[in-house]
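Visitor: Input: one structure, supplied below.
The values are calculated or read from the model by the stated rules, or taken from the named source; none is laboratory data. Because the structure is predicted, anything quoted here is derived from the model rather than measured. We place every Cβ from the backbone using ideal geometry, glycine too, and count neighbours over all the protein chains shown. All accessible areas refer to the heavy atoms of the entire protein, side chains included, with ligands and DNA or RNA removed. Shrake-Rupley method; radii C 1.70, N 1.55, O 1.52, S 1.80 Å.
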Amino acid sequence: MHLTLTNTIRGLFTFGSASAKKPESTDHSYEYIRGPIEERGPCPALNALANQGYLPRDGKNLTLAKVNSALKTALHFSSPLATSLSNSLKPLLRKDGTFDLVDMRRHNVLEHDRSITRLDYGAPSNPSHDNFTFQPAMFAAFLADAGPGEEPVTIKSLAKTYARRKKESKKEGGKLGLGLWFVNVLQTVSLMNTAGKGGRLERGLLRTFYEEERIEVLVLEDETERTLLGLVGKGIVLLWHVVF
């Protein structure tokens, strides 16, 4: 999921929240049925919402309203957070107001270099420009940043991952403008804001999310509201750990 700087600023000055309506599932259930990669984009969160029926399972003809509703219903996002995230997808919209998950592969629109688990689009080591396929070796490096064994991921370890990916990306010619830099910072902490408990992300949850593109029931059933302010705050803490 991606938040642009403009939509974040607007969202921070939006107060109150609207009650979420249950989005219509393609098959009227929220059973996990993984869709083919040909119908998916580089965002594991939106892929998971489609795999679990909160978004159209074929990943096609999505609207901002459908995404907004799914974020509120499945992940308990506040109205400002859900609206800011869904509005950031506007550059992908066709004339009829829809987009497909595969449209999120468009480089430097929302998808960008320095992903935790996807290759940089223009990296010499990625001649096929595959910026959407999950990379097990990159995921293993992400977990290793948190330490040996089954130690959880924390904001501090995310800062280590962020700094490492920045260095790796720059070595292969990757660049980020200010807007996508901001997206990258918030993307790095987005799962912590959504599924973290006590500043920790357990490895089992991470494996389910990244490897299966599935959101665990304990996250879906946790009705604690996830807020835009909380996300931005975690981004600031991340940068503090990167610098200090």
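Visitor: Give the cross-link partners of Lys95 among the lysines, using a straight C-alpha distance below 19 Å as the criterion and excluding same-chain residues fewer than 8 apart.
Guide: List returned: Lys60, Lys66.
Visitor: Same structure, new question: At 0.890 mPa s and 25 °C, plugging the Kirkwood radius over alpha-carbon pairs of segment 133-194 into Stokes-Einstein gives what diffusion coefficient in µm²/s? Before the final figure, lay out the partial values.
Guide: Working: Rh = 12.6 Å.
Estimated diffusion coefficient is 195 µm²/s.
Visitor: So, one more: What's the carbon and sulfur percent of the chain's accessible surface, probe 1.4 angstrom, rounded to a whole number? Could the numbers behind the result be given before it?
Guide: On the way: 6660 of 11490 Å².
Accessible surface attributable to carbon and sulfur in the chain totals 58 percent.
Visitor: Here's something else I'd like to know. Could you list the residues of segment 132-172 with an amide nitrogen less than 17 Å from a label point located 7 Å from the Cα of Val243 in the Cα-to-C-beta direction?
Guide: Those under the cut-off are 156, 159-160, 162-163.
Visitor: Follow-up. When the chain is treated as a GNM, springs tying every alpha-carbon pair under 10 Å, which of Leu206, Leu176, Leu218 comes out with the largest mean-square fluctuation?
Guide: Comparing Leu206, Leu176, Leu218 in a Gaussian network model of the chain, the most mobile one is Leu218.
Visitor: Efficiency by 1/(1 + (r/R0)^6): what FRET value for Glu31 and Arg164, r their Cβ-Cβ distance, R0 = 25 Å, to the nearest 0.05?
Guide: Numbers: r = 37 Å, r/R0 = 1.46.
In this case the efficiency is close to 0.10.
Visitor: Something else about it: Using the Cα gyration tensor of segment 47-128, with a ≥ b ≥ c the square roots of its eigenvalues, what is the shape: rounded (a/c below 1.5), prolate (a/b larger than b/c) or oblate (neither)?
Guide: Values: a/c = 1.84, a/b = 1.69, b/c = 1.09.
Judged from the Cα gyration tensor, segment 47-128 comes out prolate (a/c at least 1.5, a/b above b/c).
Visitor: How much accessible area per residue does the chain have, counting only protein heavy atoms and a probe of 1.4 Å, in square angstrom?
Guide: Values: 11490 Å² over 244 residues.
Value returned for the chain: 47 Å² of accessible area per residue.
Visitor: Continuing with the same structure: Hey, what number do you get for the chain at 222 nm if only DSSP H runs of n ≥ 4 count, each worth -39500 (n - 2.57), divided across all residues, to the nearest 500? Numbers along the way, then the final one.
Guide: On the way: 10 runs with 111 residues, N = 244.
Mean residue ellipticity, 222 nm, calculated: -14000 deg cm²/dmol.
Visitor: Another question, if that's okay. Could you quote the convex hull projected area for segment 135-240, Cα atoms only and averaged over all directions, in nm²? Don't skip to the answer; put the middle values down first.
Guide: On the way: hull surface 28.8 nm².
Taking the Cα atoms of segment 135-240, their convex hull projects to 7.2 nm² on average.
Visitor: To the nearest 10 Å², what's Asp103's accessible area with a 1.4 Å probe?
Guide: 40 Å²
Visitor: May I pose another question? Report the net charge of residues surrounding Lys234, where surrounding means a beta-carbon distance below 14 angstrom and charges are Lys +1, Arg +1, Asp -1, Glu -1. Numbers along the way, then the final one.
Guide: Values: positive: Lys156, Lys197, Arg200, Arg226; negative: none.
Once all neighbours under 14 Å are counted, the net charge is +4.
Visitor: Student exercise: in segment 150-215, how many lysine pairs 8 or more apart or on different chains have Cα atoms under 22 Å apart?
Guide: 10
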